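The values are calculated or read from the model by the stated rules, or taken from the named source; none is laboratory data. Given the structure is predicted, the values throughout are model-derived calculations rather than measurements. Ideal geometry is used to build each Cβ from the backbone, glycine not excepted, and the neighbour counts take in all protein chains shown. SASA here: full protein model, heavy atoms, side chains in, ligands and nucleic acids out. Shrake-Rupley method; radii C 1.70, N 1.55, O 1.52, S 1.80 Å.
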Amino acid sequence: MISVENLKVEFNATPLFEDVSYVINKKDRIALVGKNGAGKSTMLKILAGEQGPTEGSVSMPRDVTIGYLPQVMKLADNRTVMQEAELAFEHIFELQANLERMNKELAERTDYESDDYHKLIDRFTHENDRFLMMGGTNFQAEIERTLMGLGFSRVDFDRPTSEFSGGWRMRIELAKLLLRRPDVLLLDEPTNHLDIESIQWLENFLATRANAVVLVSHDRAFLNNVTTRTIEITCGQIYDYRVKYDDFVRLRKERREQQQRAYENQQKQIEETEAFIERFRYQATKAIQVQSRIKQLEKINRIEVDEEDNSALRLKFVCSSRSGSYPVICDDVRKAYGTHTVFDHVNLTINRGEKVAFVGKNGEGKSTLVKCIMDQITDFSGKMTLGHNVQIGYFAQNQAQMLNGELTVFDTIDRVATGDIRLKIRDILGAFMFGGEASDKKVKVLSGGERTRLAMIKLLLEPVNFLILDEPTNHLDMRSKDILKEAIREFDGTVIIVSHDRDFLDGLATKVYEFGGGEVKEHLCGVYEFLQKKQIDSLNQLQKPDQLSTSPTASKKDDSNDKVQSEGKLSYEAQKELNKRIKRLEKQVGECELAIEKIEGEIAVLEEKMTTPEGAADMSLYEQHQQLKKKLDETVEHWEECSMELEEAKG
């Protein structure tokens, strides 16, 4: 479907990658992986036609449609959620308007026997069938299903998009993209702003209803659940594996080990041959053998071991000075927006040197309390006290996006560096993998991960003893996350981390503050002990909306759920019933998957018939197609319900 041939991309005459060739086929599920800055986002931009390569070409049929979700988007704020989502069906609205014009013309004309009139009838019939086949009569239901799958509730549909955070507006853009049903979906970090339910819904959608998918993500579970093929970009080359991510990691390790063994054996053979040549080079009796060995040496096809990218980010937050014993104290702090109370009666004390985690579902006030501490929000009630000599370094969720895109990497740091540190800017940038010509790149061409690293450098240059990090791992690859974690662990000051990443918080947080239902609860333990208390497997499960509302701003307490959690283990009879329920749901999910596969096969056969001249004229095929599409939607919806119910039962 898409053919990439001999692709090369250069920045300031330095190749990002070169001689890259591969093909994207129909129904491919491709994970594009590699370290930050390897060229993943650049590759997606080239496939989307938003950037041209230095050399090579990308070929595709004219009728292939591309849907592209970048990491950073410019979002409009002058429509409601529903109006914005409806933009995905602009082509249907145009077709509908065209049908209305033709229908009006048919009603007004009286030349019923003319060829033009009959041609108009044929054109109207053809366009009307196309309108029905494109789902022109049920697109509203499709919009609602997609928006609710991504976490919105019906009460949100008529709210202006300006009332939502950037993360929620990104969900609207994702909804529009999915509703267009393009032939190829290009997704750059689609899970960064999604909670666990929305991620699961997106996984299901991509696995069953999307066409070809190429995605960049640092969420290992998401990659394993969605993709079946992995393309690695490393050291300017690509390696194509027809397996999911976990299998790719294993195969890559095996390939490098085999290459290394073969390389070592060959080097030993070469050394022995060269030693023989050197030893007998000047002996006439051995001349024929020496010449034979020289020819043998020339014919050897030298084995090369894939270069392993061992460059690494080296972070160290230096504690500027000693703060007071209690950097933050909250006494009965309350914050509300109109009638909506974000949190109330917040009482917490953070001690000097503590590393604490703020966890909870979106919209429950984690970032709001951080902004209260930062004095960015002042219209709260209660008392907020900052300790003596507290110097705060703040990393916001959108910190990387706030950088000036027209400045170079060097100029960005040069403008904030002071004193003798200005003489060491090149060394600092080199330590953050911005060495050499990379420091002269403009910020606007950097990947999301590179921008995050650059924002981290700015933070490092500030003299602080109190770090507040709001979702610092967004856009960072797995290796960079580990390095950041180690730097925070070694920091002597106080740290607040807002995150849903369980593995990142493990070993860092010694105290957990849980946000939910307008309350902030203190848990004097690490993240895993907290999870055991909550009897859940993942911090992301805190994102699950309550039964009464799925609105991103709604917050209700479920007393019955708390009661079940406090009772500890299930009784034998209850466990037996639960196991029966799980088996029943697993059977239903399996039956749905078989039915979906069967219906999709029938649709494919029908669509193939419809492409023939005879099929195009057979109106009954269009009716069958509509019925099958409706049946498929109903089956997928039932499959989604059973899958979510099964996940809850297992959880």
Checked segment 461-481 for anything more than 21 Å from His193 (Cβ to Cβ) and open to solvent by less than 40 Å² (accessible area, probe 1.4 Å); matches are Val464, Asn465, Phe466, Leu467
Is there a residue in segment 434-456 that is open to solvent by 10 Å² or more (accessible area, probe 1.4 Å) and polar (S, T, N, Q)?
-> yes
Criterion (more than 18 Å from the chain's Cα centre (by Cα) and over 30 Å from Phe248 (Cα atoms)) met by exactly one of Thr54, Thr80, Thr65 = Thr80
Starting from segment 387-399, take each residue that is under 14 Å from Leu460 (Cα atoms) and list its partners that are open to solvent by less than 30 Å² (accessible area, probe 1.4 Å) and in a loop (DSSP other than H, G, I, E, B), counting only C-beta distances under 7 angstrom and pairs at least six apart or across chains.
-> Gln391/Asn465; Phe395/Pro472
Output the residue which, of all residues in segment 332-367 that are assigned to a strand (DSSP E or B) and among the polar types (S, T, N, Q), is most open to solvent (accessible area, probe 1.4 Å).
-> Asn347
Matching residues in segment 240-263 (open to solvent by 40 Å² or more (accessible area, probe 1.4 Å), touching a strand residue (DSSP E or B) at 6+ places or on another chain (Cβ under 6 Å) and touching a residue at least 24 places away in the same chain (Cβ under 8 Å)) number 1
Elements of type helices (runs of 4 or more DSSP H) in segment 426-508, at least 1 residues being within 22 Å of Cys525 (Cβ to Cβ) and in contact with a helix residue (DSSP H, G or I) (Cβ under 7 Å, 6 or more places away or on another chain) = 478-490, 502-505
Yes or no: Phe124 open to solvent by less than 80 Å² (accessible area, probe 1.4 Å) and closer than 30 Å to Asn25 by Cα?
-> no
Looking only at segment 338-363, which residues are in contact with a helix residue (DSSP H, G or I) (Cβ under 9 Å, 6 or more places away or on another chain) and farther than 27 Å from Glu486 by Cα?
-> Val342, Phe343, Val346, Gly363
Would you say Thr412 is of a type in the set (Ser, Thr, Tyr) and surrounded by 14 or more Cβ atoms within 10 Å (Cβ to Cβ)?
-> yes
Can you tell me which residues in segment 147-158 are out of contact with any helix residue (DSSP H, G or I) (no Cβ under 6 Å at 6 or more places or on another chain) and either farther than 23 Å from Cys642 by Cβ or assigned to a helix (DSSP H, G or I) (or both)?
-> Met148, Arg154, Val155, Asp158
Hits in segment 1-32 (condition: closer than 17 Å to Leu187 by Cβ, open to solvent by 10 Å² or more (accessible area, probe 1.4 Å) and part of a strand (DSSP E or B)) | Arg29
Across segment 169-200, what is the total count of residues that are at pLDDT below 80, of a type in the set (A, V, I, L, M, F, W, C), out of contact with any His (no Cβ under 6 Å at 6 or more places or on another chain) and assigned to a helix (DSSP H, G or I)?
-> 2
